[in-house]
1. For a Förster distance of 22 Å, can you work out the FRET efficiency between the beta-carbons of Ile154 and Asp124, rounded to the nearest 0.05?
2. Can you tell me the relative contact order of region 40-153? Whole percent, Cα pairs under 8 Å, sequence separation 6 or more.
3. With +1 assigned to the C-beta of every Lys and Arg and -1 to the C-beta of every Asp and Glu, and no other charges, what is the dipole magnitude of region 40-153 about the Cα centre in debye, to the nearest 20?
4. So if we plug the beta-carbon distance of Ser60 and Ala33 into 1/(1 + (r/R0)^6) with R0 = 25 Å, what FRET efficiency do we get, rounded to 0.05?
5. With Cβ to Cβ distances under 13 Å as the rule, what net charge do the other residues near Gly100 carry (K, R +1; D, E -1)?
6. Restricting attention to the alpha-carbon atoms of region 40-153, what are Rg (one decimal) and Dmax (integer), both in Å?
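Every number here is computed from the coordinates shown, using simple stated rules; none is lab data. Only a predicted model underlies this, so the values are computations on that prediction, with no experimental measurement involved. Here the Cβ is made from the backbone with ideal geometry for all residues, glycine too, and neighbour counts use every protein chain on show.
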Amino acid sequence: MGLEEIPSRARLKGYDYCNSAWRDLAVNGSGEAIIANGETITTASPVLATAASGGQVLGSGTVERVLIRVPQVDCAGAPAPLSINISGAIKGIWVGGRSGTGYEPYTGSGNICSGFGLWVPAGDQKEIYVRKLEEIHVAGEPSGWPVTYLGEVIVC
């Protein structure tokens, strides 16, 4: 197969959300589609997740995916080697959707069985694929538990 046999235009198109247009798919030398990878990273200072009903917004901005990390130590330096300490009080965060959707997080007043959302204990990390950081809300247990995040952005 010579270069003269390669079609001048691809027949496969994909929707480019960044530019709101259909365009030819990018391929590598073997003809496999090139997957878009993150080109920049967005982050901010730790969020102190309060125990307020519905939680609070994690951050703002457009992203492709987010890594959420719950440190094992709070901002005062108190360790949390386990997600449940000797007295039975849990330590970590609840992750849910934005307020008003019915999927926002609730702490459950220190009881995992009465909380709402995805429970992430202290020392754990979760990966979430969303388009906007505003879609993620967090609620701390206890109130004020730190949350750090890193968002991956695909630059158009």
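1. After rounding, the FRET efficiency stands at 0.25.
2. 48
3. Here region 40-153 has a charge dipole of around 20 debye.
4. 0.20
5. My count for the surroundings of Gly100 gives -2.
6. 13.2, 43
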